[in-house]
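The values are calculated or read from the model by the stated rules, or taken from the named source; none is laboratory data. Keep in mind the model is a prediction, meaning the values are calculated, not measured. FYI the Cβ positions are ideal-geometry reconstructions off the backbone, even for glycines, and counts take in every protein chain you see.
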């Protein structure tokens, strides 16, 4: 058996095309839109692989256009226009030029009122730009950053991940503000991506919203089982091990083709001491994942009320609940009144612990669902 030096089943980020599975059609369509001047709205359930798809498309763009600038921003942690502007300005300044002194000179000359501070990453050696924004100057600063992008004349491709977050900012004009800048800048192309499809749909498909019909709308789902198996099995073959199709298919079906969970199981199997990749190995690998997350899951469950925790356990036990307020479901698991279940489910959906699909309700985190189900067996 060959020595394992690198686990090819990437769980976070992006490595290279060699470790990126399929998505040929989605990649082609995304690149076609961007290279023909169309901005894109990209939606998928969380952990389905949209970030990997974006970074893969950016990798190809850089190969085709070495001078192009690609910027990926995750807005999930931002809470205000100030947070957004600080992140946006830092990323733009740090990406348009890698020379620290040139960044400082350009920022000082073009971006009036912005106080940049530059540090050098001790590992990568790259300049990291921090931005101080004077209170009340967020809109002016944002305008200057867009002007800076326009004046650069460089082809830029910018992805705002979890873009629906801007609708939660306390400022009420952020959508209209961004739309006014974006529609007038033609050398920069945007991807607006997110996992809350109902919020993104409202932002881009409602006639009442500023971004109405301003993008090409695309969604991504599960990778087909056969190409995913071919991708996974070749890495085990290099190791001198065999991944049987029926074993992979069982994992694929259990998680409905959901990319991250399959990657996590494959990552665990590839890095584990399993001579035979069989159902028993999958069970052990899954158990190890649940054990590693046991403390976190306990703390997560304790952060909710008894009624909410009981509802989570009930949904986990069922796997999929078509009608969460049905009398039979409530009675079976000794839940409280319909109104209480409705209120609890709304809170859990809002916090992304429950997921509501056209088929019904389920636990958002599949591993958390397995962990919850194991509690009822103790």
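Going by what's in this entry, would residue 232 be described as touching a helix residue (DSSP H, G or I) at 6+ places or on another chain (Cβ under 6 Å), within 24 Å of residue 362 (Cβ to Cβ) and not assigned by TED's automatic domain parsing to the domain that holds residue 52?
Criteria not met by residue 232.
I'd like the full set of residues that are modelled with pLDDT of 95 or more and either in the same structural domain as residue 261 (by TED's automatic domain parsing) or surrounded by fewer than 18 Cβ atoms within 10 Å (Cβ to Cβ) (or both), limited to the stretch 37-56.
38, 55
Name the strands (runs of 3 or more DSSP E) wholly inside the stretch 107-174 in which the number of residues that are at pLDDT below 90 and either within 29 Å of residue 66 (Cβ to Cβ) or assigned by TED's automatic domain parsing to the domain that holds residue 58 (or both) is 3 or more.
114-120, 127-133
All but one of (1) within 30 Å of residue 77 (Cα to Cα); (2) surrounded by fewer than 15 Cβ atoms within 10 Å (Cβ to Cβ) hold for residue 227, so report the exception by its number.
(1) is the only condition that residue 227 fails.
When you scan the stretch 309-378 for helices (runs of 4 or more DSSP H) that lie fully inside it, which ones turn up with 3 or more residues that are under 26 Å from the mean Cα position of the chain (by Cα) and closer than 17 Å to residue 45 by Cβ?
338-350, 366-375
Being outside any helix (DSSP H, G or I) and more than 14 Å from the chain's Cα centre (by Cα): is that true of residue 32 here?
It is false that residue 32 is outside any helix (DSSP H, G or I) and more than 14 Å from the chain's Cα centre (by Cα).
Looking at 257, 221 in this structure, which one is in a loop (DSSP other than H, G, I, E, B), surrounded by fewer than 15 Cβ atoms within 10 Å (Cβ to Cβ) and in contact (Cβ under 8 Å) with a residue 24 or more places away in the chain?
Among 257, 221, only 221 is in a loop (DSSP other than H, G, I, E, B), surrounded by fewer than 15 Cβ atoms within 10 Å (Cβ to Cβ) and in contact (Cβ under 8 Å) with a residue 24 or more places away in the chain.
For (1) surrounded by 18 or more Cβ atoms within 10 Å (Cβ to Cβ); (2) free of Cβ contacts under 8 Å to residues at least 12 places away in the same chain; (3) farther than 27 Å from residue 264 by Cβ; (4) assigned by TED's automatic domain parsing to the domain that holds residue 272, each residue gets a yes or a no:
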| position | (1), (2), (3), (4) |
| --- | --- |
| 284 | no, no, no, yes |
| 319 | no, no, no, no |
| 322 | no, no, yes, no |
| 325 | no, no, yes, no |
| 331 | no, yes, yes, no |
| 339 | no, yes, yes, no |
| 345 | yes, no, no, no |
| 355 | yes, no, no, no |
